[in-house]
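**Q** A single structure is presented below for examination.
The values are calculated or read from the model by the stated rules, or taken from the named source; none is laboratory data. Since we're looking at a predicted model, the values are computed, not measured. Here the Cβ positions follow ideal geometry from the backbone for every residue, glycine too, while neighbour counts run over all protein chains shown. Quick note on the areas: whole protein, heavy atoms, side chains included, nothing else; ligands and nucleic acids left out. Shrake-Rupley method; radii C 1.70, N 1.55, O 1.52, S 1.80 Å.
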Amino acid sequence: MIGASGLDWGHETLTSLFWIAKAFAIAAVVFLIGVAAIVRFTEWGRMFWRISGGYFTGRQSWPAWGLFAVVLLLAVYSVRMTVLVTYFYNDLYTSLQLGVQALIDGNPSTGTEAARDLFWRALLVFGVLSTLIVVMGMFMFWLQNAFQIHWWQWLNTRYLDDWMAGKAYYRTRFVDGSLDNADQRIQQDVLDFVNGSYALAFGGNVGPYSISGNGVIGSGLTLVSFTPILWGLSGELDVFGVTIPRVLVFAAFAWVAFATLVAFWIAHPLVKLNFWFQRRTADYRFALVRLRENAENVAFYHGEREERGELNTRFGALIANMWARVYRLLKFYGWNLTTGQIAGVFTILLLGPRVFAGTSTLGDLQQAASAFTQVQGALSMPQTSYDAFTYYRATLVRLDGLREADQRARQLPKIETEEIAAGLELEAVRVRKPDGTLLIDDLTLRLVPGDALVVKGGSGVGKTTLLRSIGELWPYTEGRVARPLGNDVLFLSQRPYLPLGDLRTAITYPAASDVVDDAALRATLLEVNLGHLTERLDEDDNWSATLSPGEQQRVAFARILLLQPKLVFLDEATSAVDEGLEYTLYHLVRTRAPNTVLVSVAHRSTVDRHHTQRLELAGGGVWTLTPLEPAKV
């Protein structure tokens, strides 16, 4: 079945299948070589590989490569369908022109019948093409989302593991001040990276921007597919006596090259503006979350004016950045719209006279216009998508910065720790401030099961810092520590940590919620004077905000009684309860967990009677260790 354009639709199935297979193989090789070159020779390519190279290497990479191959195959298929649609429109408009011409020539019977046959053949072809496009389009939508979700899951796991490994989530604060809002980088930037990487290859959205031309792969395939069509339909143009052959092709390349260079010059400042947009957005969100988490304290202080001032300052910085981006994007979009409008009339101006001269058909004009638009759009992809690339590059910088900060945090020094079954041993422990000021010097002591140490001293002498050092959190520490590891150690701070979830999970943290039966949970809650919570074990709530500070501290003591750890650190763990309840809680621990070693930091003298030794820190490295007579239990 030959169409008005001369295309043999009867053999086009095999022709297209062969073209798709050949184009897929060539596109895959060219794309891989291009990516390898970018990774090798560009900084942003190296950042991409450091962030996500593991997704495409190793045994676990087979699903990724499989999904990518199918997505690439469908991208090639999509371009081929677009090419065939231009031939349909050529057939359609040429049949209409032939029909009109037959009426003008006075040959309405034979001429219009032939044109009518061509017209209905074109519509039949359109029915087949549109069905294939719709079906495969729906499959493409599902597949591209499956690919991105799979990639997102892998990268989220990779960054969470990296952030949590070696307590980097805590120790990055000692690296430098350049790392901000790690939570936003994992939650938002990881997703923007995946979407942006996919969009650069196949088209789509990068944050608030979009990649035109079906991405680098789609634009390359479009350029290779439509340039021959444009070449075949393009004519000559005489300029000052010089004949330019195939003028549409050269006009497209020359115009886009000029427009792209100017667009890059206009949009270059967006790289820095987008980086600060992401940071300002995260800073403002962090301030709002911080106000929500400390709402009670702010309300007691009547600090609404100060908090509002801080929020206004952060939001003002965000708005200033937004306006800077708007004005820069206004210039960028204005230039792109101008160049696009000018390019749109090239085909009409250059081929219109040929239609009037009878050397081209209306279908040729329509197909040439479509081919020119496709070629111009493919060539303009870097120009029109530069705003999206600047956002993507800012995302790369933020994610690579988090990866590097995590790595540097794990490389910070930490005290040598040896695992023992029970007790606590410190040998020649030296603790300093970040500026090198000595807090504790040559501390050596040994606690055995049943011992209890209370740490005393004025503010700033290093009491809590000593606990952080023993817990391998403080990097400015030397010496040797021997202690139990894992869940055999608990740390009770002044405001104990309560995880998200039901109350049962909050009480048994960090152990699994099913390690203790409900009867033991309820009995222990009664012992620590939390009987009103016994019927709320399955209730999900933000327990850090629901429970009072005193209730939270009693929950922490319930953990000790239920989990029976071998070593417990308590940092002002009873500051929110009265002395009578403090005595009850410590008495319960000493009687119910007699072999647990306690290390308490406390200002109250009433805490001393529950301990067997007292460590007095005087600052400047000076300390004294004296025995105590514990209260009878």
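**Q** Grab the DSSP H runs of the chain that are 4 residues or longer, score each as -39,500 (n - 2.57), total them, divide by all residues and round the 222 nm result to the nearest 500 deg cm²/dmol.
**A** Details: 21 runs with 384 residues, N = 633.
It comes out at -20500 deg cm²/dmol, rounded to the nearest 500.
**Q** Just to be sure I understand the model, the point goes 7 Å from the Cα along the line to the Cβ. What's the resulting Ile149 to Ser513 distance in nm?
**A** 2.5 nm
**Q** Okay, next question. Output the antiparallel fraction of DSSP beta bridges having both residues in the stretch 416-627, as a percent to the nearest 5. Don't skip to the end; give the middle numbers.
**A** Numbers: 19 of 42 bridges.
In the stretch 416-627, DSSP labels about 45 percent of beta bridges as antiparallel.
**Q** Starting from the 7 Å offset along Cα-to-Cβ, what nm value, one decimal, do you get for the label separation of Val35 and Val70?
**A** So the label points at Val35 and Val70 sit 1.7 nm apart.
**Q** Could you work out what % of the accessible surface of the chain is carbon and sulfur, using a 1.4 angstrom probe and leaving DNA, RNA and ligands out of the count?
**A** Working: 19040 of 31000 Å².
Ligands and nucleic acids excluded, carbon and sulfur give 61 percent.
**Q** Can you give the convex hull volume per residue for the Cα atoms of the stretch 434-528, as a whole number of Å³?
**A** Details: hull volume 15.2 nm³, N = 95.
Normalising the Cα hull of the stretch 434-528 by residue number yields 160 Å³.
**Q** Once R0 is set to 25 Å, what does the formula 1/(1 + (r/R0)^6) return for the Cβ-Cβ distance between Leu124 and Lys22, expressed as a FRET efficiency to the nearest 0.05? Could the numbers behind the result be given before it?
**A** Details: r = 27 Å, r/R0 = 1.09.
E between Leu124 and Lys22, to the nearest 0.05, is 0.35.
**Q** Using 1/(1 + (r/R0)^6) with R0 = 22 angstrom and r between the beta carbons of Asp8 and Ile348, what's the FRET efficiency to the nearest 0.05?
**A** On the way: r = 29 Å, r/R0 = 1.33.
That gives a FRET efficiency of 0.15.
**Q** Within the set of other residues whose C-beta is less than 13 Å from the C-beta of Thr596, count the net charge using Lys and Arg as +1 and Asp and Glu as -1.
**A** So the environment of Thr596 carries a net charge of +3.
**Q** Report the full-extension gain for the segment Ser605 to Asp502: residue separation times 0.36 nm, less the Cα-Cα distance, to one decimal in nm.
**A** Working: separation 103, 0.36 × 103 = 37.08 nm, distance 3.56 nm.
Full extension of this stretch gives 33.5 nm more.
**Q** Express as a percent, rounded to the nearest 5, the fraction of DSSP beta bridges in the chain (both residues included) that run antiparallel. Each step should come with its number before you reach the end.
**A** Details: 26 of 49 bridges.
Within the chain, antiparallel bridges account for around 55 percent of the total.
**Q** Starting from the Cα of Asp176, step 7 Å along the direction of its Cβ; do the same at Ala257; then give the gap between the two resulting points in nm.
**A** If labels sit at Asp176 and Ala257, their model points lie 4.1 nm apart.
**Q** Under a Cβ-Cβ cut-off of 11 Å, what is the net charge of the residues other than Ala122 that fall near it, where Lys and Arg count +1 and Asp and Glu count -1?
**A** Working: positive: Arg116, Arg121; negative: Asp91, Asp117.
Its environment carries a net charge of 0.
**Q** In µm²/s, what is D for the stretch 416-627 at 20 °C and 1.002 mPa s, where D = kT/(6 pi eta Rh) by Stokes-Einstein and Rh is the Kirkwood radius from Cα pairs? Spell out each step's value before the answer.
**A** Values: Rh = 17.7 Å.
The calculation lands on 121 µm²/s.
**Q** Please give the FRET efficiency for Val448 paired with Val134, using the beta carbon to beta carbon distance and R0 = 60 Å, rounded to the nearest 0.05. Intermediate values should be presented prior to the final figure.
**A** Working: r = 76 Å, r/R0 = 1.27.
Calculated value: 0.20.
**Q** Which order do the peptides 555-561, 60-66, 475-481, 299-305 come out in when sorted by mean C-beta neighbours inside 10 angstrom, highest first? Present the calculation step by step, with values, prior to reporting the outcome.
**A** Values: 555-561: 24.1, 60-66: 13.1, 475-481: 18.9, 299-305: 10.1.
Ranked by mean Cβ neighbours within 10 Å, highest first: 555-561, 475-481, 60-66, 299-305.
**Q** Please count, across the chain, the pairs of lysine residues with Cα atoms under 20 Å apart that sit 8 or more places apart or on different chains.
**A** Numbers: Lys167/Lys414; Lys167/Lys433; Lys272/Lys331; Lys414/Lys433; Lys414/Lys463; Lys433/Lys456; Lys433/Lys463.
Value for the chain: 7.
**Q** Just subtract the alpha-carbon distance of Phe264 and Glu404 from 0.36 nm times their residue separation and send over the number in nm, one decimal.
**A** Working: separation 140, 0.36 × 140 = 50.40 nm, distance 2.93 nm.
Additional length available on full extension: 47.5 nm.
**Q** Just to confirm, what accessible area per residue do you get for the chain at 1.4 Å probe, in whole Å²? Can you show the working numbers first?
**A** Numbers: 31000 Å² over 633 residues.
Normalised by residue count, the accessible surface of the chain is 49 Å².
**Q** Hey, how many Å between the Cα centroid of the stretch 116-162 and the Cα centroid of the stretch 253-318?
**A** The stretch 116-162 and the stretch 253-318 have Cα centres separated by 35 Å.
**Q** Separate question: Stretch Leu337-Asp117 to full length: gain in nm at 0.36 nm per residue minus the Cα-Cα span? Please report the intermediate quantities before stating the final value.
**A** Details: separation 220, 0.36 × 220 = 79.20 nm, distance 4.07 nm.
The span from Leu337 to Asp117 would gain 75.1 nm if fully extended.
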